[in-house]
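Below you'll find the structure, written out as structure tokens, and then a few comments.
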Amino acid sequence: MLGKIDPHLIKYLNKFKRLIMDDIERLKIKDKEIILVGTAHISRESVDLVRETILEEKPDIVGVELCEQRYETLTSEEQKWEDIHITDIIKEGKTHLFLITLLLSAFQRKIGDKIGIKPGSEMIEAINTAKENNIGVELLDRDIQITLKRAIDRMSLREKLKLLFELIYGFFGGEEIDEELIEKLKEKDIMTELMDELSREIPSIKEVLIDERNVYIADKILLCKGEKIVVVIGAGHVEGIKTIIQTASEAEVKNVEKINIADLEKTPKGGNKLKYIGYLVPLVIVGIVAFGFHLKGGEFVLDSAIKWFLINGVLSAIGVMLALGHPLTILGAFLAAPFTSLNPMIAAGWVAGMIEIWVRKPRVKDFEGLAKLNDVRSLWQNRITKILLVVVFANVGSSIGTFVAGLSIFKDLFGG
């Protein structure tokens, strides 16, 4: 009969087993030892791996792939709904950003409910284990709102709409989450996989979603104090961050602070291409009409004004109808769109959104319901998400109307 196995032997056998797995990478950078622990954000095995690694390595610092906002979201029992000001979101042009954030949260929650483990549990486990053992904790990731805002700023209107469609369809109407899919997801870093997929669909944002974050996290790791650092990151980030750290060490670790990550924390101030196009379009339309008046007289101007008003107004109103907006909101979009299309400082969606807020003021249960979105119908039933849809669809309708009406007026002038 075999005697009792030495627990120290078991400890080192387990340690050796993990060292030969792809989950852990060890880097020696001068006087620092950096241990990268690659995880899947919805895997019980990853939670166990993180805890065991921290307990065995006894690092000076534990770093996690979280920003302050994501950390608060993961650890808070309830969302601070009173902090959400829907009117400010509309006025500041953050409708797409807020809606995408809601859909991303809904996606993670849907996966977590199916699997029985909350996404990001391994990050929370890392923080809790560190605190229990008096180990310092560093949040390494860039603020999620900055990342999304920088990404959205690089996208065209068509790409934004494509992203919204992909998120809505993929999360609420796409592939059913069965046992086979769950097992596949457990083998991957789900958020990195999502970022990779978005980057393939919309290449213009790959640099923001993946490359910039790898640089940001790697730099934060190198700036951590302590001789031994355990870093808990999504498996999809390990190779990129490892390469960046090794490259930085070859250059000279002491000079790493010369990498200015402050540039990666800047958000656009609205000076993007869409803004300039917004000023250019009305100038072109007014110029065409003025030229038409010179060639064909006042009748052309009147016909153009009627066409502009009807096409813009009707298409924007149709957008609000698709969002199931209130009849007064539909009327407001119809009346506002022809004028807002000529004023880059205001959008038809803003007007429609404000009217929808006025006639259907969000209730407490609508704010609470943001944490329970689970299908397409819920987006239209919740008054807050319906307001966001009204804003987006009204703006889309007005943008299409501007293009169609402008092209039609141009043809009337030069088409004979």
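The values are calculated or read from the model by the stated rules, or taken from the named source; none is laboratory data. In this text, all values refer to a predicted model and were calculated from it rather than measured experimentally. Heads up, the Cβs are rebuilt from the backbone with ideal geometry, glycines too, and the neighbour counts pull from every protein chain shown.
The figures follow:
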quantity	calculated
Some residue of region 113-122 being modelled with pLDDT of 85 or more and closer than 22 Å to Ile244 by Cα	no
Residue among Glu78, Glu82, Glu92 that is at pLDDT 65 or above, surrounded by fewer than 16 Cβ atoms within 10 Å (Cβ to Cβ) and of a type outside the set (Lys, Arg)	Glu92
Among residues of region 147-165, those that are surrounded by 19 or more Cβ atoms within 10 Å (Cβ to Cβ) and under 30 Å from Ile229 (Cβ atoms), counted	4
Helices (runs of 4 or more DSSP H) contained entirely in region 360-416, each with at least 3 residues that are of a type outside the set (A, V, I, L, M, F, W, C), touching a Leu at 6+ places or on another chain (Cβ under 9 Å) and assigned by TED's automatic domain parsing to the domain that holds Leu331	383-414
Test result for Leu315, in a helix (DSSP H, G or I) and over 30 Å from the mean Cα position of the chain (by Cα)	no
Complete set of residues in region 140-159 that are under 12 Å from the mean Cα position of the chain (by Cα) and farther than 18 Å from Gln69 by Cα	Ile152, Asp153
